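One structure below.
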């Protein structure tokens with residue numbers, strides 16, 4: 001009897017053990033994604049590896065090809081590197097480390113992130129500047145750009161500045177078309193720019209030019225139009241905003257609108273800034289997922305960023321600006337004196 | 001009999017005047033509440049309240065003529081938008097309506113080459129006034145928007 005009881009107990013124990021193993025297996029298989037998400041909050045490296053394992057949605061080398069993009073149509077359901085919860089202002093901060101002030105090649109914590117610019121050491125890139133400015137800095141600023149800039153105007157909470165924006169603005173339309181709204185109809189950007197005095201010009205252009213593969217033509221055209229703007233506003237500082245990355249899985253056609261083209265056009269914009277003495281704002285510094293793409297869940301359509309990210313963009317602009325040195329009073333006085341002395345000496349001669 | 005005819009005629013005239021004077025009727029609206037309710041008619045985009053300081057440069061109305069205004073604007077993906085403006089004088093409402101119409105016309109011409117699907121929404125844009133209040137509503141559900149406006153006296 002005792003032996004039979006022991007056998008029964010052993011059988012029961014074995015059964016329980018088998019059930020436990022089965023439950024564990026089910027958890028591992030079906031809750032893998034949960035585990036991936038959990039780990040992604042602890043370690044960027046771990047998250048990257050797990051994301052790679054899980055359907056290879058994000059190419060770790062940052063080069064997202066069209067075929068990969070098509071494969072990732074269901075990326076929303078897959079374990080993205082970030083949480084993608086746009087409702088929370090800090091949502092994108094939770095997934096991957098972001099560093100609003102440090103250049104992409106900075107600390108070791110960022111060493112695994114792909115650089116968002118072609119030349120991270122470029123002097124044209126506007127670094128983080130302390131202290132951050134407030135909205136009054138934009139009182140004499142004009143913002144020129146496409147629908148993404150318009151979204152920034154609408155959703156960032158910015159209260160100062162003039163916006164000459166237009167949906168679909170491209171280099172071509174910015175140069176010659178009547179696309180800026182007024183109370184009397186649409187006018188050209190140059191005409192709108194002539195209507196006031198501005199000391200800062202912010203330009204966000206390029207998303208609608210991603211299909212432009214004659215990049216030299218784009219470069220020449222961009223230089224030409226910005227030089228024209230500076231003829232109209234000769235005292236203005238010119239800031240060139242980087243083209244924001246896109247979420248390829250949500251874009252209707254990635255033939256043109258893809259991150260490889262974004263990187264290409266941004267490298268041109270940076271070169272132009274270096275050549276012409278403009279100032280380059282690397283907005284992808286905080287909008288990149290670290291792998292050459294926009295943070296997952298930052299848009300509804302892959303292109304236009306949600307309000308929380310517009311607010312982050314405003315924060316970025318406030319902490320990335322070119323300080324204008326006020327002329328020192330004593331220096332100014334000395335200069336005046338020197339000038340008067342030289343005038344006297346000229347007269348005496 | 002003559003007196004009766006005159007009375008009926010006077011009553012009819014009064015009714016006509018009341019009906020035609022929609023723009024000057026006494027209406028009191030909480031612009032923020034109305035705008036938020038109209039927001040429910042937009043399903044294709046995430047609209048955000050735009051800083052009120054920027055509204056004169058978007059809609060081109062004279063700041064001095066406006067008592068208050070609130071606008072919810074698009075992320076840039078669609079033409080949807082909602083604006084509710086209270087003029088200081090009800091007589092200014094017609095001018096605001098014209099500015100809203102200009103805005104819609106400008107947007108239509110821009111969206112035609114950018115995202116033609118949005119032009120339909122702009123074609124159906126609602127621009128209505130009640131007293132000193134004027135509303136612009138470009139949304140996905142115009143029937144619902146009309147019902148909401150009716151409730152508020154538009």
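For segment A:190-217, the tally of residues that are closer than 21 Å to residue A:180 by Cβ and either outside the structural domain of residue A:253 (by TED's automatic domain parsing) or assigned to a helix (DSSP H, G or I) (or both) stands at 7. Taken as a whole, segment B:62-77 holds at least one residue that is surrounded by fewer than 19 Cβ atoms within 10 Å (Cβ to Cβ), touching a strand residue (DSSP E or B) at 6+ places or on another chain (Cβ under 8 Å) and in a helix (DSSP H, G or I).
Results for (1) surrounded by fewer than 20 Cβ atoms within 10 Å (Cβ to Cβ); (2) in contact with a helix residue (DSSP H, G or I) (Cβ under 9 Å, 6 or more places away or on another chain); (3) not assigned by TED's automatic domain parsing to the domain that holds residue A:314, shown as yes or no for each residue.
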position	(1), (2), (3)
A:220	yes, no, no
A:223	yes, yes, no
A:246	no, yes, no
A:249	no, yes, no
A:259	no, yes, no
A:277	yes, no, no
A:293	no, yes, no
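Would a scan of segment A:158-174 turn up a residue that is surrounded by fewer than 18 Cβ atoms within 10 Å (Cβ to Cβ) and more than 22 Å from residue A:265 (Cβ to Cβ)? Yes, segment A:158-174 contains a residue that is surrounded by fewer than 18 Cβ atoms within 10 Å (Cβ to Cβ) and more than 22 Å from residue A:265 (Cβ to Cβ). Taken together, the residues in segment B:112-129 that are part of a helix (DSSP H, G or I) and within 12 Å of chain A (Cβ to nearest Cβ) amount to 7. Can you tell which of A:319, A:300, A:288, A:267 is surrounded by 23 or more Cβ atoms within 10 Å (Cβ to Cβ) and either modelled with pLDDT of 90 or more or in contact with a helix residue (DSSP H, G or I) (Cβ under 8 Å, 6 or more places away or on another chain) (or both)? After applying the criteria, what remains is A:288. Taken together, B:87, B:24 contain a single residue that is modelled with pLDDT of 95 or more, over 28 Å from residue B:119 (Cβ atoms) and away from every other protein chain (no Cβ under 14 Å), which is B:87. Applying the set (1) surrounded by 17 or more Cβ atoms within 10 Å (Cβ to Cβ); (2) touching a residue at least 60 places away in the same chain (Cβ under 8 Å); (3) in contact with a helix residue (DSSP H, G or I) (Cβ under 8 Å, 6 or more places away or on another chain) to residue B:42 leaves exactly one unmet item: (3). Can you confirm whether segment A:95-111 contains a residue that is modelled with pLDDT of 50 or more and part of a loop (DSSP other than H, G, I, E, B)? Within segment A:95-111, one or more residues are modelled with pLDDT of 50 or more and part of a loop (DSSP other than H, G, I, E, B). Looking at segment A:116-136, can you tell me whether even one residue there is crowded, with 18+ Cβ neighbours inside 10 Å, at pLDDT below 95, touching a strand residue (DSSP E or B) at 6+ places or on another chain (Cβ under 8 Å) and part of a loop (DSSP other than H, G, I, E, B)? Yes: segment A:116-136 contains one or more residues that are crowded, with 18+ Cβ neighbours inside 10 Å, at pLDDT below 95, touching a strand residue (DSSP E or B) at 6+ places or on another chain (Cβ under 8 Å) and part of a loop (DSSP other than H, G, I, E, B).
When segment A:165-186 is examined, which residues are found to be touching a strand residue (DSSP E or B) at 6+ places or on another chain (Cβ under 9 Å) and at the interface with another protein chain (Cβ under 10 Å from one of its Cβ atoms)? If the condition is that a residue be touching a strand residue (DSSP E or B) at 6+ places or on another chain (Cβ under 9 Å) and at the interface with another protein chain (Cβ under 10 Å from one of its Cβ atoms), then A:165, A:166, A:169, A:177, A:178, A:179, A:180, A:181, A:186 are the ones that fit.
Name the residues in segment B:126-154 that are crowded, with 21+ Cβ neighbours inside 10 Å and within 25 Å of residue A:180 (Cα to Cα), would you? If the condition is that a residue be crowded, with 21+ Cβ neighbours inside 10 Å and within 25 Å of residue A:180 (Cα to Cα), then B:134, B:135, B:136, B:137, B:138, B:139 are the ones that fit.
Quick check, is residue A:168 assigned to a loop (DSSP other than H, G, I, E, B) and under 30 Å from residue A:294 (Cα atoms)? Judged against the criteria, residue A:168 is a match.
Return the only residue of A:153, A:148 being closer than 22 Å to residue B:49 by Cα, in contact (Cβ under 8 Å) with a residue 60 or more places away in the chain and in contact with a strand residue (DSSP E or B) (Cβ under 7 Å, 6 or more places away or on another chain). Sole residue among the options that is closer than 22 Å to residue B:49 by Cα, in contact (Cβ under 8 Å) with a residue 60 or more places away in the chain and in contact with a strand residue (DSSP E or B) (Cβ under 7 Å, 6 or more places away or on another chain): A:148.
Just to be sure I understand, how many residues within segment A:295-318 are assigned to a helix (DSSP H, G or I) and away from chain B (no Cβ under 12 Å)?
The total comes to 6.
Scanning segment B:100-110 for residues that are crowded, with 21+ Cβ neighbours inside 10 Å and facing chain A (nearest Cβ under 10 Å) yields B:103, B:106, B:107, B:110. The requirement of being facing chain B (nearest Cβ under 10 Å) and modelled with pLDDT under 95 is fulfilled nowhere in segment A:146-164; no residue meets it.
The values are calculated or read from the model by the stated rules, or taken from the named source; none is laboratory data. As the structure is a prediction and not an experimental result, all values here were calculated from the model. So basically every Cβ, Gly included, is an ideal-geometry build from the backbone, and we count neighbours across all protein chains shown.
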